[in-house]
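Take a look at the structure below.
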């Protein structure tokens, strides 16, 4: 019976062990009970350098490490700027060419210089970082290679860490660095047209690089008129002309301060060899600092012990800030959605594939969560985002580009047949709004219709897309009747992209191809890898692009109209401008240059309307759509407020970890009864087999025993 007893005890122990260790949580230990926020990202991280980072998922990380001088009130709608690193919001001082102070709102042509005085709040310090560590002589401690710790995966593992106070000079350094042509900062083109001395500084850098080919420039030695440092706590931002939207710049991470010590540290060969750089380990004064950086797996932030949060109060300010933020890389949306439903992510977007299972419509036609989702304590946050995705024509192309009448009519004909209401219904489950021009509905100056493509219909009270017959007539007028040119050849156009292998893109391309075919146009694709695709954009070596997007940097129509200002042309600016379609119209430029320098007024709105009408007429784009954003949060995540302008909002969030742990346990109880039954059945079978074997042994022994 000894083996039978062992079988039984082993089975009972296995049952006990499974009951204790069974857990499908992707997180280690008792993470659910800790002050840890779990989030995710689905696109690769290219850069967390404040000079070059320009993607939303990167900003969601970076903007919680670095801080800009200004921020947006987290709760205020419409959006309202507030000081962050500054004591007060700065006011512009306008001067004429003789240096005389002008009034509060002078005519733009009277202004030769604009000054903003920026006063830093006291007590602002950088995070603890090895770049600030000094040896006994006051030199950077880790400049000596032998002092570098071995096999470190995190900067937090460096034994020597230090900090220092934030200085006005750090803002000057950061802004000068935007002029470095090697970085190709995406905002340089726009900023340099206003900030004094930016172009001259960039030219001086190019000269230095041509002469010495230096790997690292000492930006501190360069002349730069854009920032005048008055003291460690005060500096002036100087513009060469009037620009009321300049305050919005000061809320962007491109204006975050940068310590020279960080540039020195990351330029050390042994530090670079260990995999640390400003692109993946930013240094800042923000609420969090980097703890782990594995961009294809996980990014972890921990609370910055030196953070000085300022005076923005919260309803539950007695509660503490979240201690740790985990961003997990989820390549596919479905696994992330499943983990959110299990309670392992605290917030999530809603994949379009699951829209119908997670939502329904109220009696008034409003999208809402299903009762099952509501019973789980989920909250839904839905809105049309200040974003546009458009189909672009390369205005430098000899067939589809230029302002000549034939090309313009061809672009309008294509714009008519690309029915983005249909696209939204098919590919986005109806979550979005067709764009009539470039400005989204939540930004002033947005258009309700497009008279050339989808004019307003008074009977229905909505815009109505023009017919296929009207599009074909435009094709005839353009010289492409039935899709044939004047020599009888089929018009063939090419879509350039970097989406080869994407099943979603294949379906969308087929939709595009069918729409072009309705005009007799043969659409072909020219796929390339991502690097080649970027090179095509910068050199203008493409014809058509699809779903190129732009998300508002700040809540002003100028931030969208500047996408078509000729001096921001991507080719003309050598990759620094965001006018990707390379649209160039003297009339549009005149309107843009006038309205961009104006404060909001009826006259400015009139100019915006004229500029939009011109864009609609010239049709450098099929205007595409403004996507809807549906975000879900669990009930244990407090103070969550969707914000389309600011990404440094993690400091405002609070967690009820006890509630999360309780619900995670309830929603993810292991279904072990069948396993237990199987184990006990196997154990019983083992006992029976062992008992049978013993019985047969005894019977055999009795048979062989002498009579």
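Observations
- Cα-based helix-to-principal-axis angle, 530-539 vs the chain, degrees rounded to 10: 0
- Kirkwood Rh, Cα atoms: Rg over Rh of the stretch 98-190: 1.16
- Distance in nm between pseudo-label sites at residue 541 and residue 207 (7 Å out along the Cβ direction from Cα): 3.2
- Sorted by Cβ density within 10 Å, fewest first, the residues 63, 157: 157, 63
- Annotation for the stretch 377-440 versus the stretch 168-220: alpha-carbon center distance of 35 Å.
- Once C-alpha pairs closer than 8 Å and six or more residues apart are averaged by separation and normalised to the residue number of the stretch 55-157, the relative contact order reads 16 percent.
- Were the residues from residue 184 through residue 100 laid out at 0.36 nm apart, the gain over their Cα-Cα distance would be 26.6 nm.
- The ranking of 129, 643 from fewest to most other beta carbons within 10 Å of each one's beta carbon is 643, 129.
- If you wrap the Cα atoms of the stretch 67-269 in a convex hull and average its projected area over all directions, you get 14.6 nm².
- Computed from Cα atoms, the angle from the helix 468-478 axis to the main principal axis of the chain rounds to 50 degrees.
- Across the stretch 387-629, Cα pairs under 8 Å and at least six residues apart give a relative contact order of 33 percent.
- The mean sequence separation of alpha-carbon pairs under 8 Å and at least six residues apart, normalised by the residue count of the chain, gives a relative contact order of 19 percent.
- Length released on extending from residue 298 to residue 74, taking residue separation times 0.36 nm less the Cα-Cα span: 78.0 nm
- Shape of the stretch 525-624, Cα gyration tensor, a/c cut at 1.5: prolate
- Label-point separation in nm, residue 371 to residue 462, each point 7 Å along Cα→Cβ: 3.0
- Report summary: the helix-based calculation at 222 nm, which adds -39500 (n - 2.57) for every DSSP H run with n ≥ 4 and divides by the residues of the chain, gives -9500 deg cm²/dmol.
- Remark: the Cα gyration tensor places the stretch 447-534 in the oblate category, a/c being 1.5 or greater and a/b not exceeding b/c.
- Overall form of the stretch 387-629 per C-alpha gyration tensor (a/c, 1.5; a/b vs b/c): rounded
- Helix axis angle, 2-21 relative to the chain longest principal axis, alpha carbon, degrees: 20
- Share, in percent, of DSSP beta bridges within the chain that are antiparallel, nearest 5: 80
- With a cut-off of 19 Å on the backbone N, the residues of the stretch 26-57 near the modelled label site 7 Å out from residue 320 along Cα-Cβ are 30-38.
- Förster-model FRET efficiency, 60 Å R0, residue 230 and residue 487, C-beta, rounded to 0.05: 0.30
Rule-based calculations on the coordinates, nothing more; no lab input. Every value quoted in this text rests on a predicted model; they were computed, and no experiment measured them. Heads up, the Cβs are rebuilt from the backbone with ideal geometry, glycines too, and the neighbour counts pull from every protein chain shown.
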